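Student: I'd like to ask you about the structure that follows.
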Amino acid sequence: MEHLSFTYASLGDLLATYRRLAQHDIRPYWPINHGPTISLYYKDPDGNRLELQYDVFERNQDLDAFFASGAYVENFMGIIFDPEQMIARFEAGEPLAEITARPKLPEGKTPWDMHIP
C-alpha cells in the first residue's frame with residue numbers, strides 16, 4: 001500500500017489535527033500544497049504512510065480551471081509549506097483562497113525538488 005488518505009471538511013479541521021498531533025511530537029514528514037489539496041503526510045513506526053488532506057476546490061469547475069490553467073503541467077508535485085506558518089495565516093484571518101493558493105515553484109527548482117519520499 002502506498003498510503004491511506006483522509007479528507008477533512010475544512011482547512012481549520014486539518015490544521016487543528018496537525019496541532020493536536022504536534023503536541024504529541026507527531027509531525028508530518030511532507031507538508032505539501034498540491035494545488036487541489038493541502039496535504040500532510042505522516043509515517044508510522046513501521047513506515048506506513050497516511051495522508052491527511054483538505055480539498056481546496058469546492059466546485060468541480062474550479063478544479064477543472066486549475067488543471068486547464070497549466071499549473072499541473074508546470075508543477076505536477078506541489079509546493080512544500082510550513083504548517084506553523086499556515087496556521088498563523090489562518091488564525092490571522094487571511095482569506096482562505098490566499099492561504100490555499102499554490103505558489104509558483106521557486107526559481108531554479110523542479111517539481112522533484114518538492115518531493116520527500
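Student: Which three semi-axes in whole Å describe the equivalent ellipsoid of the chain, each the square root of 5 times a Cα gyration tensor eigenvalue, listed largest first?
Tutor: Each semi-axis is √(5λ); the values are 22, 18, 14 Å.
Student: Which peptide among 7-16, 96-105, 55-64, 27-36 comes first, and what is the full order, when sorted by highest mean count of other Cβ atoms within 10 Å?
Tutor: Peptide ranking by packing, descending: 27-36, 7-16, 96-105, 55-64.
Student: Would you work out the relative contact order for the chain, in percent, from Cα pairs under 8 angstrom that are 6 or more residues apart?
Tutor: Worked out over the chain, it gives 28 percent.
Student: Would you calculate, for the chain, the mean residue ellipticity at 222 nm contributed by helices, counting each DSSP H stretch of 4 or more residues as -39,500 (n - 2.57) and dividing by all residues, to the nearest 500?
Tutor: -9000 deg cm²/dmol, from helical runs alone.
Just so you know, all these numbers are worked out from the coordinates, no wet-lab data involved. Fair warning: this is a prediction, and the values are worked out from it, not measured in the lab. Reconstructed Cβ throughout: ideal geometry from the backbone, glycine too, with neighbour counts over all protein chains shown.
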